[in-house]
Amino acid sequence: MSAMDSHVYGVSSKLFLTLLFLSLSISYAALPQNPVSKSSSTTQINSNSVLVALLDSHYTELAELVEKALLLQTLEEAVGKHNITIFAPRNEALERELDPEFKRFLLEPGNLKSLQTLLMFHIVPKRIVSKDWPAESSPSFRHPTLSNHHVHLKTHGNRLIDSAEIVRPDDVVRPDGLIHGIERLLIPRSVQEDFNRRRNLRSISAVLPEGAPEVDPRTHRLKKPAAPVPAGAPPVLPIYDALAPGPSLAPAPAPGPGGPHGHFNGMKQVKDFIHTLLHYGGYNEMADILVNLTSLATEMGRLVSEGYVLTVLAPNDEAMAKLTTDQLSEPGAPEQIIYYHIIPEYQTEESMYNAVRRFGKVRYDTLRLPHKVVAQEADGSVKFGQGDGSAYLFDPDIYTDGRISVQGIDGVLFPPEEETMIEKKTGPLVKVVSKPRRGKLLEVACRMLGAVGQESHFSTCQ
């Protein structure tokens, strides 16, 4: 009986141990297979890291923004994978030279993603030392950033990243990366458009147009009101009827129905694109003409407030510097030059390039009637004008908000007949002595003297 019991108990013990082993195996398989991997993925940053150097460097404004953007964990993971290159703006560029409204936008809690995108736009996941910049005659180098945008390294006298100058190359060098000091903040286009879009959404006012009642002179009764125009619809009148009679000399026409309040805050949008020109760099002369030398900024803001759309072909500073004193000295000359660079349509680089690819030459209306500007494809880009007075699309889509589009060009455009006049003015001067003309009364006297044969006594009649 005891042997039988021991046999039964023995079998039961083996079965019990087998089941226990299987249960432990299953529970072990259910656990994470590599519990150390989580801790190993968190890179240990040593004191000689470029991130520690950034936090302890004189770029205190940038380091403070990195902490506010909660990017330290992301940057630690990036340093653990590869070397990084940080392009750090000067403290003055972030503290005093940055637009206060743009800085408030970045620091708002709801715009954390825009702040992170802006900061990661300054970091390239690659080690780039000062000797890696392209030569003066070489094309620019394109590098991806941690924000999934691209920056361009080029050399035009000085080393540049996009349009910002490298003022302190190889300022901080560490084994896992380095820091270059740059003169100003780099703003990716997506962040700038997000900033413009949010400001425009806050400022748009949907006001129902209400016109003054009109009396029919035949029946002396009130006229029936016209069909209501939906808020924000394109204006009925062409843009030329809404322009001021002269270039900033005469007052603009009275606003249409709805009083002085338009559907769009045009002045705010014009201010946005002028600030964008200044931040972009290389278009200070254009901004100066719009704001200081003329009142075109006010005129453009009024047109946009009434619902019109504009495309500005903005010559860069190098092109504006080639203008002579004679071209700017005549009354209204700056306004006429800028009017010829404003197209009363909303065009982007893509829409203009597709048009010239499809139709060859495209003639765009300008605010300088009746002149048109000719666009055509050249060297994979869009060329405006013809001959020596042509200009290429140099910096596309500097500003696009759906109502104002700014396209940078590398030359100042003139209508074809003005170009010939300029060539004649600059040609060699030839002194021509013209014979004095005789008046009508003297002509009659000479004919009378000729009738009696006495005209030879007067030298003026010969």
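Read-outs: derived from the displayed coordinates by stated rules, not from any lab. Source: prediction; values computed, not measured. Using ideal geometry, Cβ is built from the backbone for each residue, glycine included, and neighbour counts are taken over all protein chains shown.
Structural remarks
- The range 66-118: trypsin sites (Lys or Arg not before Pro) falling in loop per DSSP and having at most 14 other Cβ within 10 Å: ARG96
- Counting every other Cβ atom within 10 Å of each residue's Cβ, ARG168, ARG368 order from fewest to most as ARG168, ARG368.
- The stretch between TYR346 and GLN73, if pulled fully straight at 0.36 nm per residue, gains 94.0 nm over its current Cα-Cα span.
- Stretch gain in nm, segment HIS149-SER329, where the contour uses 0.36 nm per residue and the Cα spacing is subtracted: 60.4 nm
- HN-Hα J in Hz across the range 92-107 - Karplus 6.51, -1.76, 1.60, θ = phi - 60°, x for Gly and Pro: 5, 5, 8, 8, 10, 8, 7, 4, x, 5, 5, 5, 4, 4, 5, 8
- Karplus 3J(HN,Hα) series, Hz, for the range 46-56 with 6.51 cos²θ - 1.76 cosθ + 1.60 (x for Gly, Pro): 8, 6, 9, 7, 5, 5, 5, 5, 5, 5, 9
- Over the range 50-187, relative contact order from alpha-carbon pairs under 8 Å, at least 6 apart, %: 29 percent
- Residues of the range 378-393 falling in the label zone of ARG363, defined by backbone nitrogen less than 17 Å from a point 7 Å along Cα to beta-carbon, are 384-387.
- Flagged links, alpha-carbon separation over 31 Å, of LYS126/LYS322; LYS81/LYS131; LYS154/LYS372; LYS131/LYS271: LYS126/LYS322; LYS154/LYS372; LYS131/LYS271
- With θ taken as phi - 60° and the Karplus curve 6.51 cos²θ - 1.76 cosθ + 1.60 applied, the whole-hertz 3J(HN,Hα) list for the range 70-84 is 6, 9, 4, 4, 4, 5, 4, 5, 5, 5, x, 8, 7, 5, 10 Hz, x standing for glycine and proline.
- Cα→Cβ-extended label distance, 7 Å offset, between ARG218 and VAL52, nm: 9.2 nm
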